[in-house]
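Everything on this sheet refers to the single structure shown next.
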Amino acid sequence: GVYRASAAGRRECGAPVYEHTDPGSTCVLLRRGQESRKTGKTRHGWVLLARGPAAAAAGGPPRALYGAQSEALAVPAEGWKRFDAPDPLPQIRRGPLAALLLAEAEGRAG
């Protein structure tokens, strides 16, 4: 699917929150931090989260579908791992929104 920076300007851990362009989607792509139990230092990564329709309606917590450890403020193109979702792993492409939407409509985006 195609994601764009939140129209509301939402940010998480210093980076934009990206929302799926499909108005019915509950998927978001965002940066999260987690403190290491061993070192006490915070490490960051990107996660693709989703809420099923029932959970979204009830205000339930989202599920982490995929994630990639990265200290970068930009969404990483590599290093993605599957958590609670099927293969294939996300393929990150950057570009003008119109071009990405056209590619998705033509079946070239994932």
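The values are calculated or read from the model by the stated rules, or taken from the named source; none is laboratory data. What you are looking at is a predicted structure, and each value in this text was computed from that prediction instead of being measured. All Cβ positions, even for glycine, are placed from backbone atoms using ideal geometry, and neighbour counts span all protein chains on display. Accessible surface areas use protein heavy atoms only, side chains included; no ligands, DNA or RNA. Shrake-Rupley method; radii C 1.70, N 1.55, O 1.52, S 1.80 Å.
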If a residue has to be open to solvent by 80 Å² or more (accessible area, probe 1.4 Å) and farther than 19 Å from residue 11 by Cα to count, how many in the stretch 64-83 make the cut?
-> 4
Scan the stretch 18-36 and give yes if some residue there is touching a helix residue (DSSP H, G or I) at 6+ places or on another chain (Cβ under 7 Å), in a loop (DSSP other than H, G, I, E, B), open to solvent by 40 Å² or more (accessible area, probe 1.4 Å) and within 23 Å of residue 95 (Cα to Cα), otherwise no.
-> yes
Are any residues in the stretch 59-83 in contact (Cβ under 8 Å) with a residue 24 or more places away in the chain, farther than 16 Å from residue 42 by Cβ and part of a strand (DSSP E or B), and if so, which ones?
-> 65, 66
Take the stretch 88-110 and flag every residue that is at pLDDT below 90 and not hydrophobic (A, V, I, L, M, F, W, C).
-> 90, 91, 93, 94, 95, 96, 104, 106, 107, 108, 110
